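The values are calculated or read from the model by the stated rules, or taken from the named source; none is laboratory data. Keep in mind the model is a prediction, meaning the values are calculated, not measured. Note that we place each Cβ from the backbone using ideal geometry, even for glycine, and neighbour counts take in every protein chain shown.
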């Protein structure tokens, strides 16, 4: 049987082992890349939340007016831009009336409103909205000026 062609059992087993080790290495690299990246759906949700809060703040008047303190994480009594300064939630997102939105459990929101002056414009607020989930976060910055004047 010296004239037969093909692989021996030992050669086949060695080939399978070598291919298996190489495949395990490639899969390990892909696994690390997936674990280290943010889920695109979570990142998009954080961006949408930050944009929604920023839009809500931009729609409020610039001038400070008195209001009552809202209960919990509600924002229904906020009536000017500065009311949002130091607003924060941890592990939850609430609607205007303060009810937790179940589908957004695990997300946190922090807002800062800093008075400043812009050259050539005058008084302004620098608004920073931070939305996070687990170890990931997104920061959105915006400016609000007193375009209506005093």
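Structure data summary
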item: Positions within segment 93-117 being surrounded by fewer than 12 Cβ atoms within 10 Å (Cβ to Cβ) and either in a strand (DSSP E or B) or touching a residue at least 40 places away in the same chain (Cβ under 8 Å) (or both), in sequence order; result: 114, 115, 116, 117
item: Residue in segment 51-60 that is in a loop (DSSP other than H, G, I, E, B) and closer than 21 Å to residue 143 by Cβ present; result: yes
item: In segment 62-92, the residues that are more than 15 Å from residue 128 (Cα to Cα), loosely packed, with under 15 Cβ neighbours inside 10 Å and in contact (Cβ under 8 Å) with a residue 24 or more places away in the chain; result: 63, 71, 72
item: Residue count for segment 118-145, restricted to those that are closer than 30 Å to residue 40 by Cα, part of a loop (DSSP other than H, G, I, E, B) and in contact (Cβ under 8 Å) with a residue 24 or more places away in the chain; result: 1
item: Candidates 23, 59, 49 - the one that is surrounded by 14 or more Cβ atoms within 10 Å (Cβ to Cβ) and either at pLDDT below 95 or closer than 29 Å to residue 116 by Cα (or both); result: 49
item: Residues within segment 57-85 that are touching a strand residue (DSSP E or B) at 6+ places or on another chain (Cβ under 7 Å) and within 18 Å of residue 124 (Cα to Cα), tallied; result: 7
